[in-house]
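First the structure, in the form of structure tokens, and then the observations on it.
The values are calculated or read from the model by the stated rules, or taken from the named source; none is laboratory data. These numbers come from a predicted model, not from an experiment. No Cβ is skipped: glycine too gets one built from the backbone with ideal geometry, and neighbour counts run over all protein chains shown. When the accessible area is computed, the model is the full protein with side chains, heavy atoms only, and any ligands, DNA or RNA have been set aside. Shrake-Rupley method; radii C 1.70, N 1.55, O 1.52, S 1.80 Å.
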Amino acid sequence: CIRDRLWKQVAIETLKLYESKRLSIKSIPQEIRRLELEMQSIRSATSDGSPSKGGGVGPANMYLSNIVRREELERSLEQARIWVSLTDSALSLLNDEERLLLDRFYIHQEKLAADRLAGDLHIDVKTVYRRKDDALRRFTVALYGKTEM
């Protein structure tokens, strides 16, 4: 069914984006801080009283652009925090083996994940894929409440 494949693809994409979203929660505040510092230099440039000469982006435009970028980053940060929290909650409902399978296949996308997991878990590769699919199904239900997979 097309709908079943859609939810599976959405869950896989969520797992693939997980690490970068977690990292963005650390990097976005740094960029906001950089823009705050930049704002201080823009303010000092606008308060010197010298008239703006044509041809460039004036201090007022730079000031407004800085404000807009910071507001967009604040929204992005809040969305990333919620997104990571929801994903963490869904992952926390899985057992250790299920998290390991999803981590190696999707989050960190390890090369030869199936073969390595087969050795680590002392099971055959076919069983690795079956358990990975079961883990993905449980993750999808935990995250989206969808059972049709």
Cut-off 10 angstrom, C-alpha nodes, Gaussian network model of the chain. Which of 84, 128, 68 fluctuates the most? 68
May I ask you to derive the relative contact order of the chain, considering only C-alpha pairs under 8 Å and at least 6 residues apart, and to give it as an integer percent? 36 percent
Student exercise: in the chain, how many lysine pairs 8 or more apart or on different chains have Cα atoms under 27 Å apart? 18
What are the DSSP H helices in the chain that stretch 27 Å or more along their long axis, judged by alpha-carbon atoms, and whose average Kyte-Doolittle hydropathy comes to at least -1.0? 2-46, 59-92, 125-144
Would you mind calculating the gained length between residue 130 and residue 19 on full extension (0.36 nm times residue separation, minus the Cα-Cα distance), in nm to one decimal? 37.5 nm
Heavy-atom surface of the chain, accessible at 1.4 Å and reported per residue (Å²): 65 Å²
Run a plain Debye calculation on the chain (Cα atoms as equal point scatterers, no solvent) and give log10 I(q)/I(0) at q = 0.08, 0.19 Å⁻¹, rounded to two decimals, same order as the q list. -0.40, -1.10
Which shape class applies to region 83-125: rounded if a/c is under 1.5, otherwise prolate when a/b exceeds b/c and oblate if not, where a ≥ b ≥ c are the square roots of the Cα gyration tensor eigenvalues? oblate
Using a basic spin-label model with each label point 7 Å from the Cα along Cα→Cβ, how many nm lie between residue 63 and residue 36? 2.0 nm
May I have the convex hull volume per residue, in Å³, for the Cα set of region 1-42? 65 Å³
